[in-house]
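The values are calculated or read from the model by the stated rules, or taken from the named source; none is laboratory data. These numbers were taken from a predicted model, which means no experiment stands behind them. Reconstructed Cβ throughout: ideal geometry from the backbone, glycine too, with neighbour counts over all protein chains shown. Remember, those area values only see protein heavy atoms, side chains included, never the ligands or the DNA or RNA. Shrake-Rupley method; radii C 1.70, N 1.55, O 1.52, S 1.80 Å.
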Amino acid sequence: GENVGLHLPTLSVQEGDNSIINCAYSNSASDYFIWYKQESGKGPQFIIDIRSNMDKRQGQRVTVLLNKTVKHLSLQIAATQPGDSAVYFCAEILDTGRRALTFGSGTRLQVQP
Amino acid sequence: SAVISQKPSRDICQRGTSLTIQCQVDSQVTMMFWYRQQPGQSLTLIATANQGSEATYESGFVIDKFPISRPNLTFSTLTVSNMSPEDSSIYLCSGQTHNEQFFGPGTRLTVL
């Protein structure tokens, strides 16, 4: 497969446990944040997003928390499954006109069966 | 959601040559972008592909090295010119509809 996540920090969890992936973002003016999942050999896949006027948003098995005071974003995955193994990136939108994404450094999630 | 395809999926090229990567979206998107992802790294924005006009490049990327075209709302090309081994990377295009940005599978480029 591709070398996605080869040099990234790794979070290893047991199947069925909850996972928490953290991200620090850079710009207090960012108004929109997204979590992406990238499997080996594929492009990033949208998971969940959150606007800066919210502090929590829930999806199916995933929750994103936003703490603007410390510029911190987290992704919580409930009942982690082997299929969740991937590299996870947070991204922020700095330029509200162009909507281009600035990506964080990423975390590799390994789910042990 | 939009489905994005890229061609080629991978290539091995000689130093000094150029490669053009094609990106096709199955529906109209408002914005298209090109990113680079070096091995084991995160994604870095190269440029915004503007329909019918010159692309908007990020700091550190220039048109002579990475010429981009976007002749319509569903298609864009990125050329990596005069390649060197440092250009070995995964190149990804993305398209945006409303607030969601979709990515292609990437083109893995190896320069010898």
Note on B:T20: of the conditions (1) part of a strand (DSSP E or B); (2) within 14 Å of chain A (Cβ to nearest Cβ); (3) touching a residue at least 40 places away in the same chain (Cβ under 8 Å); (4) touching a Ser or Thr at 6+ places or on another chain (Cβ under 8 Å), unmet is (2)
Filter the stretch B:23-48 for residues that are among the small types (G, A, S) and modelled with pLDDT under 95; the one that is nearest to B:F102 (Cα to Cα) is B:S27
Filter the stretch A:29-42 for residues that are open to solvent by less than 20 Å² (accessible area, probe 1.4 Å) and within 9 Å of chain B (Cβ to nearest Cβ); the one that is farthest from the chain's Cα centre (by Cα) is A:Y32
Here the residues within the stretch B:81-112 that are at pLDDT below 95 and of a type in the set (V, I, T) are B:T97
Practice task
For the stretch A:67-85, indicate whether the set of residues that are in a strand (DSSP E or B), of a type in the set (V, I, T) and without any contact (Cβ under 8 Å) to a residue 60 or more places away in the chain is non-empty.
Solution key: yes
Picked from the stretch B:37-53 (must be among the hydrophobic types (A, V, I, L, M, F, W, C) and under 11 Å from the mean Cα position of the chain (by Cα)), the residue nearest to the other protein chains (Cβ to nearest Cβ) is B:L45
Exercise. Inspect all residues belonging to the stretch A:43-50 and state whether any of them is among the charged types (D, E, K, R) and more than 10 Å from the chain's Cα centre (by Cα).
Key: no
Scanning the stretch B:55-73 residue by residue, those part of a loop (DSSP other than H, G, I, E, B) and either in contact with a helix residue (DSSP H, G or I) (Cβ under 9 Å, 6 or more places away or on another chain) or open to solvent by less than 30 Å² (accessible area, probe 1.4 Å) (or both) turn out to be B:A55, B:F61, B:K65, B:F66
Can we say A:S40 is within 24 Å of B:M32 (Cβ to Cβ) and part of a loop (DSSP other than H, G, I, E, B)? no
When every residue in the stretch B:74-88 that is polar (S, T, N, Q) and surrounded by fewer than 21 Cβ atoms within 10 Å (Cβ to Cβ) is compared, the one farthest from the other protein chains (Cβ to nearest Cβ) is B:N82
Looking across the stretch B:89-107 at residues that are open to solvent by 30 Å² or more (accessible area, probe 1.4 Å) and not in a strand (DSSP E or B), the single one that is farthest from the other protein chains (Cβ to nearest Cβ) is B:H98
Those residues of the stretch A:55-113 which are open to solvent by less than 70 Å² (accessible area, probe 1.4 Å) and of a type in the set (D, E, K, R) amount to A:K71, A:D84, A:E92, A:D95, A:R98, A:R99
Restricting the stretch A:87-110 to residues that are touching a Gly at 6+ places or on another chain (Cβ under 8 Å) and of a type in the set (A, V, I, L, M), the one nearest to A:S12 (Cα to Cα) turns out to be A:V87
Condition (residue is modelled with pLDDT of 95 or more, of a type in the set (S, T, N, Q) and outside any strand (DSSP E or B)) applied to the stretch A:94-107: is it met by at least one residue?
no
So, first residue within 21 Å of B:L45 (Cα to Cα) in the stretch A:35-58, second residue among the polar types (S, T, N, Q) and buried (at least 17 other Cβ atoms within 10 Å of the Cβ), Cβ within less than 6 Å, six or more apart or across chains; the pairs are A:P44/A:Q38
